[in-house]
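These notes are about the structure you will find just below.
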């Protein structure tokens, strides 16, 4: 975990360089890896959405999720999975399901001490795929 002084310097440097990606600002692969693992532990314990994950290969799923998020946050693109619409079309997801995922994501990011500005940007990224996830 970063010290207060280090974290202040880190955020000042990242704001000073507009070319810094979200991926870099939040801590790169290490943080995405931790975040996805924590996130899915929360999701599996969330009665609003846990049933969607009962019959999937969670190890394979989290690997794909990590690659997808790294790409979406501006890191190296190694994602080769389905597009969001195709991946979710059979699930009949609704706004409540999407919001439950966002709740768990935000809680996870706060657990990892991600800056609120970066959390807001991550939520915006998630909202960019919302219509595809909800098959609209």
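The values are calculated or read from the model by the stated rules, or taken from the named source; none is laboratory data. What you see is a predicted model, and the numbers here were worked out from it, not measured in a lab. Backbone-built Cβ (ideal geometry, glycine too); neighbour counts: all protein chains shown.
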Exercise for the section: Determine whether the stretch 79-96 contains at least one residue that is under 16 Å from residue 22 (Cβ atoms), crowded, with 18+ Cβ neighbours inside 10 Å and either under 16 Å from the mean Cα position of the chain (by Cα) or touching a residue at least 40 places away in the same chain (Cβ under 8 Å) (or both). Expected result: no
Exercise for the section: Looking only at the stretch 4-22, decide whether some residue is within 14 Å of the chain's Cα centre (by Cα) and either surrounded by 12 or more Cβ atoms within 10 Å (Cβ to Cβ) or modelled with pLDDT under 90 (or both). Expected result: yes
Fill in the blank from the handout: When (1) more than 19 Å from residue 130 (Cβ to Cβ); (2) modelled with pLDDT of 95 or more; (3) in contact with a helix residue (DSSP H, G or I) (Cβ under 7 Å, 6 or more places away or on another chain) are applied to residue 31, the one that fails is (3)
Exercise for the section: Go through the stretch 125-136 and give me each residue that's loosely packed, with under 13 Cβ neighbours inside 10 Å and either in contact (Cβ under 8 Å) with a residue 60 or more places away in the chain or under 14 Å from the mean Cα position of the chain (by Cα) (or both). Expected result: 127, 128
Fill in the blank from the handout: In the stretch 77-107, anything at pLDDT below 90 and farther than 14 Å from residue 134 by Cα is listed as 77, 78, 79, 80, 81, 82
Completion exercise
Within the stretch 108-124, the residues that are part of a helix (DSSP H, G or I) and surrounded by 15 or more Cβ atoms within 10 Å (Cβ to Cβ) are 108, 109, 118, 119, 121, 122
Problem - Meets criteria (buried (at least 18 other Cβ atoms within 10 Å of the Cβ), under 24 Å from residue 117 (Cβ atoms), out of contact with any strand residue (DSSP E or B) (no Cβ under 7 Å at 6 or more places or on another chain) and modelled with pLDDT under 95) for residue 39 - result: no
Exercise for the section: Answer yes or no: is there a residue in the stretch 47-59 that is modelled with pLDDT of 95 or more, surrounded by fewer than 18 Cβ atoms within 10 Å (Cβ to Cβ) and not in a helix (DSSP H, G or I). Expected result: yes
